[in-house]
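Asker: This is the structure I have questions about; it appears just below.
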Amino acid sequence: MKKLYIRGVMAAFAILTFSCSAALQRRYDRMHGVSSSSTDRSARTSDDDRNYQTNDATYRKDYDRVVDNSNPAAGVTTLGNADYNQRLLNQYAEMDKLGEVVLYELDNLENRYNKLLNEYKNAKSSSRQVMAMELDKISDDRLMLYKAYTSIYRNGKADWGSVKRDVDNTLREYRKNN
(Lines give C-alpha, C1' and ligand atoms only; values in the text may rest on other atoms or scores of the structure.)
Protein backbone atom coordinates (compact mmCIF):
# COMPACT_ATOMS: atom_id res chain seq x y z
CA MET A 1 0.00 0.00 0.00
CA LYS A 2 2.78 2.39 0.94
CA LYS A 3 4.73 1.55 -2.24
CA LEU A 4 1.64 2.23 -4.33
CA TYR A 5 1.20 5.62 -2.67
CA ILE A 6 4.87 6.52 -3.26
CA ARG A 7 4.60 5.49 -6.92
CA GLY A 8 1.48 7.63 -7.29
CA VAL A 9 3.23 10.63 -5.76
CA MET A 10 6.28 10.09 -7.99
CA ALA A 11 4.05 9.82 -11.07
CA ALA A 12 2.26 13.04 -10.15
CA PHE A 13 5.61 14.75 -9.62
CA ALA A 14 6.85 13.51 -13.01
CA ILE A 15 3.73 14.83 -14.75
CA LEU A 16 4.05 18.16 -12.98
CA THR A 17 7.74 18.42 -13.92
CA PHE A 18 7.00 17.56 -17.54
CA SER A 19 4.22 20.12 -17.80
CA CYS A 20 6.38 22.81 -16.19
CA SER A 21 9.31 22.12 -18.52
CA ALA A 22 6.98 22.17 -21.52
CA ALA A 23 5.54 25.52 -20.39
CA LEU A 24 9.05 26.91 -19.89
CA GLN A 25 10.08 25.70 -23.34
CA ARG A 26 7.03 27.38 -24.92
CA ARG A 27 7.83 30.61 -23.07
CA TYR A 28 11.46 30.49 -24.20
CA ASP A 29 10.39 29.84 -27.79
CA ARG A 30 7.92 32.72 -27.70
CA MET A 31 10.46 35.16 -26.21
CA HIS A 32 13.31 34.21 -28.56
CA GLY A 33 11.36 33.93 -31.78
CA VAL A 34 11.59 30.19 -32.16
CA SER A 35 8.80 28.70 -34.22
CA SER A 36 8.04 25.07 -33.76
CA SER A 37 5.26 22.71 -34.56
CA SER A 38 6.35 20.54 -31.66
CA THR A 39 8.38 22.09 -28.86
CA ASP A 40 7.88 19.28 -26.38
CA ARG A 41 11.05 17.66 -25.22
CA SER A 42 9.37 14.32 -25.82
CA ALA A 43 9.31 15.12 -29.53
CA ARG A 44 13.10 15.27 -29.52
CA THR A 45 14.40 11.76 -29.60
CA SER A 46 18.04 12.23 -28.61
CA ASP A 47 20.89 14.68 -28.30
CA ASP A 48 22.17 13.63 -31.72
CA ASP A 49 18.81 14.54 -33.20
CA ARG A 50 19.14 18.10 -31.90
CA ASN A 51 22.20 18.66 -34.06
CA TYR A 52 20.22 17.88 -37.20
CA GLN A 53 17.11 19.82 -36.31
CA THR A 54 18.44 22.97 -37.92
CA ASN A 55 17.79 21.33 -41.28
CA ASP A 56 14.32 20.27 -40.18
CA ALA A 57 11.60 22.82 -40.93
CA THR A 58 9.63 21.87 -37.82
CA TYR A 59 12.09 23.49 -35.41
CA ARG A 60 13.98 26.59 -36.45
CA LYS A 61 14.44 30.13 -35.31
CA ASP A 62 12.06 32.67 -36.80
CA TYR A 63 14.52 35.39 -37.82
CA ASP A 64 11.81 37.49 -39.46
CA ARG A 65 10.19 37.93 -36.06
CA VAL A 66 13.50 38.72 -34.37
CA VAL A 67 14.53 41.46 -36.81
CA ASP A 68 11.03 42.93 -37.24
CA ASN A 69 11.42 46.47 -35.87
CA SER A 70 7.74 47.28 -36.29
CA ASN A 71 6.89 45.03 -33.35
CA PRO A 72 8.00 46.79 -30.13
CA ALA A 73 7.50 43.58 -28.14
CA ALA A 74 10.22 41.89 -30.19
CA GLY A 75 12.88 43.40 -27.98
CA VAL A 76 15.63 46.00 -28.06
CA THR A 77 17.48 46.58 -31.30
CA THR A 78 20.98 45.24 -31.71
CA LEU A 79 22.51 48.72 -31.56
CA GLY A 80 20.74 49.44 -28.28
CA ASN A 81 21.89 46.13 -26.86
CA ALA A 82 25.48 46.78 -27.92
CA ASP A 83 25.49 50.23 -26.32
CA TYR A 84 23.94 48.94 -23.10
CA ASN A 85 26.35 46.01 -22.98
CA GLN A 86 29.34 48.30 -23.50
CA ARG A 87 28.22 50.64 -20.71
CA LEU A 88 27.71 47.63 -18.45
CA LEU A 89 31.19 46.31 -19.29
CA ASN A 90 32.69 49.71 -18.52
CA GLN A 91 30.81 49.83 -15.22
CA TYR A 92 32.03 46.34 -14.30
CA ALA A 93 35.59 47.41 -15.13
CA GLU A 94 35.21 50.40 -12.77
CA MET A 95 33.75 48.12 -10.12
CA ASP A 96 36.70 45.76 -10.46
CA LYS A 97 39.20 48.64 -10.20
CA LEU A 98 37.60 49.93 -7.03
CA GLY A 99 37.37 46.38 -5.70
CA GLU A 100 41.10 45.94 -6.32
CA VAL A 101 41.84 49.10 -4.32
CA VAL A 102 39.77 47.80 -1.41
CA LEU A 103 41.48 44.40 -1.62
CA TYR A 104 44.88 46.14 -1.61
CA GLU A 105 43.96 48.00 1.58
CA LEU A 106 42.60 44.79 3.09
CA ASP A 107 45.84 42.98 2.27
CA ASN A 108 47.90 45.71 3.94
CA LEU A 109 45.59 45.62 6.94
CA GLU A 110 45.86 41.83 7.13
CA ASN A 111 49.66 42.06 7.13
CA ARG A 112 49.58 44.64 9.93
CA TYR A 113 47.18 42.45 11.90
CA ASN A 114 49.36 39.34 11.56
CA LYS A 115 52.52 41.26 12.47
CA LEU A 116 50.87 42.80 15.53
CA LEU A 117 49.42 39.45 16.56
CA ASN A 118 52.90 37.89 16.50
CA GLU A 119 54.21 40.78 18.61
CA TYR A 120 51.28 40.30 20.99
CA LYS A 121 52.26 36.68 21.59
CA ASN A 122 55.72 37.71 22.84
CA ALA A 123 54.76 40.97 24.54
CA LYS A 124 54.76 41.69 28.25
CA SER A 125 51.41 42.04 29.98
CA SER A 126 51.79 45.83 30.29
CA SER A 127 51.92 46.34 26.53
CA ARG A 128 49.38 43.63 25.68
CA GLN A 129 46.42 45.87 26.54
CA VAL A 130 47.57 48.54 24.07
CA MET A 131 48.16 45.90 21.42
CA ALA A 132 44.75 44.36 22.09
CA MET A 133 43.10 47.72 21.50
CA GLU A 134 45.07 48.13 18.26
CA LEU A 135 44.06 44.60 17.16
CA ASP A 136 40.42 45.47 17.87
CA LYS A 137 40.75 48.64 15.78
CA ILE A 138 42.28 46.66 12.91
CA SER A 139 39.46 44.11 13.15
CA ASP A 140 36.89 46.90 12.96
CA ASP A 141 38.66 48.41 9.96
CA ARG A 142 38.77 45.03 8.25
CA LEU A 143 35.05 44.59 8.77
CA MET A 144 34.39 48.07 7.39
CA LEU A 145 36.49 47.33 4.29
CA TYR A 146 34.90 43.90 3.76
CA LYS A 147 31.47 45.52 3.86
CA ALA A 148 32.60 48.12 1.33
CA TYR A 149 33.98 45.40 -0.94
CA THR A 150 30.82 43.31 -0.84
CA SER A 151 28.62 46.34 -1.45
CA ILE A 152 30.52 47.00 -4.69
CA TYR A 153 29.36 43.73 -6.18
CA ARG A 154 26.05 43.37 -4.36
CA ASN A 155 24.66 46.84 -5.05
CA GLY A 156 27.00 48.19 -7.73
CA LYS A 157 25.02 47.19 -10.78
CA ALA A 158 21.79 48.75 -9.57
CA ASP A 159 23.16 52.00 -8.11
CA TRP A 160 26.80 52.39 -9.09
CA GLY A 161 27.04 56.14 -8.47
CA SER A 162 25.91 55.87 -4.87
CA VAL A 163 27.96 52.74 -4.16
CA LYS A 164 31.12 54.29 -5.64
CA ARG A 165 30.67 57.42 -3.55
CA ASP A 166 30.11 55.37 -0.36
CA VAL A 167 33.13 53.13 -0.97
CA ASP A 168 35.35 56.13 -1.80
CA ASN A 169 34.22 57.80 1.42
CA THR A 170 34.93 54.62 3.37
CA LEU A 171 38.43 54.39 1.88
CA ARG A 172 39.06 58.08 2.58
CA GLU A 173 37.94 57.68 6.20
CA TYR A 174 40.05 54.56 6.64
CA ARG A 175 43.17 56.24 5.21
CA LYS A 176 42.60 59.36 7.30
CA ASN A 177 42.47 57.32 10.52
CA ASN A 178 45.52 55.24 9.65
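Asker: Cα-Cα over 23 Å: which of 115/164; 115/176; 97/137; 137/157?
Answerer: Beyond 23 Å: 115/164; 97/137; 137/157.
Asker: Checking the a/c ratio against 1.5 first, then a/b against b/c, what shape does the Cα gyration tensor give for region 123-178?
Answerer: Taking the square roots of the gyration eigenvalues as a ≥ b ≥ c, region 123-178 is prolate.
Asker: Only four residue types carry charge here, +1 at the Cβ of Lys and Arg and -1 at the Cβ of Asp and Glu. Report the dipole size of region 92-178 about the Cα centre in Debye, rounded to the nearest 20.
Answerer: 240
Asker: Separate question: With a 10 Å radius around each residue's Cβ, average the other Cβ atoms per peptide and rank 148-155, 166-173, highest first.
Answerer: 148-155, 166-173
Asker: Please list 3J(HN,Hα) in residue order for region 104-119, calculated via the Karplus relation 6.51 cos²θ - 1.76 cosθ + 1.60 where θ = phi - 60°; whole Hz, with x for glycine and proline.
Answerer: Working through the residues one at a time gives 4, 5, 5, 5, 4, 5, 5, 5, 4, 4, 5, 5, 5, 5, 5, 5 Hz.
Asker: Roughly how many Å² is the accessible area per residue of region 74-167, as a whole number, for a 1.4 Å probe?
Answerer: 69
Asker: I would also like to ask the following. Over region 96-170, what percent of the accessible surface lies on carbon and sulfur atoms, probe 1.4 Å?
Answerer: Using a 1.4 Å probe with all protein chains present, region 96-170 comes out at 50 percent carbon and sulfur.
Asker: Let me ask something else about it. Specify whether the C-alpha gyration tensor of region 71-178 places it in the rounded, prolate or oblate class, a ≥ b ≥ c being the square roots of the eigenvalues: rounded for a/c under 1.5, otherwise prolate if a/b is larger than b/c and oblate if not.
Answerer: Since a/c reaches 1.5 and a/b is larger than b/c, the shape of region 71-178 is classed as prolate.
The values are calculated or read from the model by the stated rules, or taken from the named source; none is laboratory data. Computed from a predicted model, the values in this text were never measured in an experiment. With ideal geometry, Cβ positions are generated from the backbone for all residues, glycine too; neighbour counts draw on all protein chains shown. The area values use the complete protein model at the heavy-atom level, side chains included, leaving out ligands, DNA and RNA. Shrake-Rupley method; radii C 1.70, N 1.55, O 1.52, S 1.80 Å.
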